[in-house]
Amino acid sequence: MVEKVNYIRYDGRKPDEMRPYQIKTGIFRNADGSAEIKLGGNWIVVAVYGPREHFPKAQLSQDKAILNCRYHMAPYSTSERKSPKPSRREIELSKVIKNALERAILLDQFPEMTIDVYIEVLQAEGSTRVASITAASVALADAGIPMRDMVVGCSVGKINGQLVLDVGEEEDKTGEADLPIAIMPNLKKIVLLQMDGKLTHKEFKEAFELALKGAMQLHEAQIKALMERVKEMEQFGDSR
Amino acid sequence: MMRGFKRGTLIDILRVKEVKKLIHDNRRVGDRDFLDFRDITIKTNVVKKAYGSAYVSIGDTIAIAGVHFDIGTPFADSPDKGILISEGEVLPTASFYVEPGPPTEEEIELSRIIDRGIRGSGMIDLSKMVIVPGEKVLKVFIDFNILNDDGNLVDAASLAAVAALLTSNYPDPDKLLNVESAEELSTVDRIPLPIEDIPITITTAVIDGKYLVDPSLPEEVAADAILSITHTKNDEICAMQLLNGELDYNQLFDILDIALEKSREIRNYVLSHINKR
C-alpha cells in the first residue's frame, strides 16, 4: 500500500500515520452522555440527551425511538469565520452521521422516545465528520444507550499521488481525493461512506483498507476512554 | 393535506412486502433483471429559454435540469477558474409526502452528490470560463428538479444534469469584457460548452444480500443499504455516497464492479440518445 515509504506529509507524518488523538468521556454534567475527541487540531465535543419523551407528539414513531443528530461547527472553529447558521454541508453531514449511528443503536427498545445527539466542532482541522462519529458513539455508550456495536470513523486522502491516512486540513484543501468512512468494527459493517475527487478502483481498495486500519486504532482509544470512565465511576460514583 | 409524512413511510406497505417476497424468490417486480434499469428516456433542449436543458425519466421517476450562466467574481483560491453551482429540489408535484418549503436534508444530500460527480470528474473545463483572471468569470448554474418520485432520484437527477450540460452552449468569454449583467449575457454569441468527461452515477440497493440496480421507491424502502457511485469515462470513481443502511466490506467491492460496468453501458446510451446541438 505505502509504496513511497519515504513520503513525508506537510505536518511531518508518514503516509499511514494518524495524528495524535485523545478521547475523553463524561465531560458534561447535564447531558445523559458526553464525549470529547482531540485529533490533531480537531476539538469536538458531543452531548447525548435521552432516551426522552418525543415532541411534538404527532411525529413520534410508535415502533422505535427517533434519533436526532446535529453536526455543527462553531463560528470560531475555522480560520475564516463560519456563519453560525447551519450550512448545506453541515445539514448533509448531520444526515449521514445520523444514518451511521442509527445502524448501531437499538432504537426499537425505546418506542415513542427521542435520542438527541449534539455534535459541536469547536476547532476544525480536517476529517471532522469521522472524528465526530467516533466521539458520538462514545457519548452514546456513556449515556448507557444499548448498541449493537460502537461506530468509529477514519478518512484517507490522496495527495501528490500518495494515499494518506487521517486527512489533515491542508491535505483536504489541496488533495486529489478524500474518502471518509465509518464502520461498526466488530460487526464489520460500513455505515458511512462518501468520496470526493478521483480514485481508480485499485487506489480505492488500498485507500479503504488503510482507512480500516486507522479506524481500528481509534476504536482502541474509544474502549480506553470508556474503561477509564468505568474506573472513575467505581472509585467516585457517577460524578455527573 | 397530508402533513408530516416522510418519504416512504406511507407508501403502500403491500408494495414493500411484495418486493421482499419476490426478491426472496429471486425475482423482481415486473420481472426486471436485478442488474437492469427501468426504461430510460432522455429528451434534450426541452426548455428553449435555458442555455441547455434535459428531461429524463427512469420508469416513473422524472427529473428535469436546466443550465444558466451569469457573471461573477472568482473565488480567491481559484482566480483562473469559473464557478460551478449545481442545486436541486424535489418539487411538490413529485409525491404526496413533499411539502413546499426550505430544502430537506435528503434534498441537500441529493444536490451535493450531483455536484460532487460533476465537479470531481472535471466534466466542464472551468478554466475556459474566465473573462479577466482574478476579477471576472462566468458562473455556471445547473438547476435540477424531481417532478415525480418513484425511487432512484440520484441517478435520474444526475443524468438530467449531465444531459443538460452535454447539449448546452455558453456565451463566448472573449466577447464578454464589457458585459456586466445576465440580461446582456443572453444576447452574446454562444459556443459549445467545453466538455471533458461524462460522469455517470449508478445507484444499487442491497436487499436480502442481493444487489438491485436502479431501485424503485418500494425497493428503496425495503433496502438494507443503498449506495450511489459515480464513474468517469476513464473508469475512475469520482463520487460515492452510502445513502442509507449498512454494507459488508465484500458487498462494497461487488457493488463497485456492478456500478463500473453499468456506468459504461449508461454512458453509451446517453451518447446515442442525446440530440447533438
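Brief remarks follow.
- Which numbered condition B:ASP235 fails, given (1) more than 18 Å from B:LEU153 (Cβ to Cβ); (2) more than 13 Å from chain A (Cβ to nearest Cβ); (3) in contact (Cβ under 8 Å) with a residue 24 or more places away in the chain: (2)
- Any hit, the stretch B:207-218, residues being surrounded by fewer than 23 Cβ atoms within 10 Å (Cβ to Cβ) and hydrophobic (A, V, I, L, M, F, W, C): no
- Segments classed as strands (runs of 3 or more DSSP E), wholly inside the stretch A:162-240, with at least 3 members that are closer than 20 Å to B:ALA259 by Cβ and either of a type in the set (S, T, N, Q) or within 14 Å of chain B (Cβ to nearest Cβ) (or both): A:177-184, A:189-199
- Hits in the stretch B:143-176 (condition: assigned to a helix (DSSP H, G or I) and touching a Pro at 6+ places or on another chain (Cβ under 7 Å)): B:VAL162
- Output for the stretch A:80-114, where each listed residue is buried (at least 20 other Cβ atoms within 10 Å of the Cβ) and either modelled with pLDDT under 95 or more than 10 Å from chain B (Cβ to nearest Cβ) (or both): A:ILE97, A:LEU101, A:ILE105, A:LEU107, A:PHE110
- Residue in the stretch B:248-266 that is assigned to a strand (DSSP E or B), modelled with pLDDT of 95 or more and over 21 Å from the mean Cα position of the chain (by Cα) present: yes
- Only one of the numbered conditions (1) within 14 Å of another protein chain (Cβ to nearest Cβ); (2) crowded, with 16+ Cβ neighbours inside 10 Å; (3) under 20 Å from the mean Cα position of the chain (by Cα); (4) of a type outside the set (Gly, Ala, Ser) is violated by A:LYS64, and that is (3).
- Qualifying residue in the stretch B:78-90 (condition: more than 10 Å from every other protein chain (Cβ to nearest Cβ), in contact with a Ser or Thr (Cβ under 9 Å, 6 or more places away or on another chain), β-branched (Val, Ile, Thr) and surrounded by fewer than 19 Cβ atoms within 10 Å (Cβ to Cβ)): yes
- Cβ pairs under 6 Å, 6+ apart, first in the stretch A:105-121 and under 21 Å from A:ASN30 (Cα atoms), second assigned to a loop (DSSP other than H, G, I, E, B) and basic (Lys, Arg): none
- Qualifying residue in the stretch A:20-31 (condition: at pLDDT 95 or above, part of a strand (DSSP E or B), away from chain B (no Cβ under 14 Å) and in contact with a Leu (Cβ under 7 Å, 6 or more places away or on another chain)): yes
- Extreme residue, nearest to B:GLY134 (Cα to Cα), among residues of the stretch B:48-90 that are more than 18 Å from the chain's Cα centre (by Cα) and acidic (Asp, Glu): B:ASP80
- Among the residues listed as B:VAL140, B:VAL188, the single one being surrounded by fewer than 21 Cβ atoms within 10 Å (Cβ to Cβ), among the aliphatic types (A, V, I, L, M) and not in a helix (DSSP H, G or I): B:VAL188
Quick grid of which residues meet (1) over 23 Å from B:GLU196 (Cβ atoms); (2) of a type in the set (Val, Ile, Thr):
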| site | (1), (2) |
| --- | --- |
| B:ASN26 | yes, no |
| B:ASP36 | yes, no |
| B:VAL47 | yes, yes |
| B:TYR55 | yes, no |
| B:ILE62 | yes, yes |
| B:LEU84 | no, no |
| B:ASP115 | no, no |
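- Only residues that are farther than 20 Å from A:ALA136 by Cα and among the hydroxyl-bearing types (Ser, Thr, Tyr) were counted across the stretch A:35-68, and they come to 1.
- Only listed residue being of a type outside the set (Asp, Glu), out of contact with any Gly (no Cβ under 9 Å at 6 or more places or on another chain) and within 10 Å of another protein chain (Cβ to nearest Cβ), chosen from B:LEU271, B:LEU243: B:LEU243
- Residue in the stretch B:149-164 that is in contact with a Phe, Trp or Tyr (Cβ under 9 Å, 6 or more places away or on another chain) and under 24 Å from A:LYS173 (Cβ atoms) present: no
- Tally, over the stretch A:119-141, of residues that are over 12 Å from the mean Cα position of the chain (by Cα) and either under 17 Å from A:HIS54 (Cα atoms) or part of a strand (DSSP E or B) (or both): 2
- Residues in the stretch B:17-63 that are more than 18 Å from B:ILE202 (Cα to Cα) and of a type in the set (A, V, I, L, M): B:VAL19, B:LEU22, B:ILE23, B:VAL29, B:VAL46, B:VAL47, B:ALA50, B:ALA54.
- Looking at A:GLY144, A:GLY153, A:GLY157, just one residue is outside any helix (DSSP H, G or I) and surrounded by fewer than 24 Cβ atoms within 10 Å (Cβ to Cβ), and that residue is A:GLY144.
- When the stretch A:32-44 is filtered for residues that are under 23 Å from A:GLY237 (Cβ atoms) and in a strand (DSSP E or B), the ones remaining, listed by number, are A:GLY33, A:SER34, A:ALA35, A:GLU36.
- Selection within the stretch B:99-112 - within 12 Å of B:PHE144 (Cβ to Cβ) and either part of a loop (DSSP other than H, G, I, E, B) or at the interface with another protein chain (Cβ under 9 Å from one of its Cβ atoms) (or both): B:SER111
The values are calculated or read from the model by the stated rules, or taken from the named source; none is laboratory data. Given the structure is predicted, the values throughout are model-derived calculations rather than measurements. FYI the Cβ positions are ideal-geometry reconstructions off the backbone, even for glycines, and counts take in every protein chain you see.
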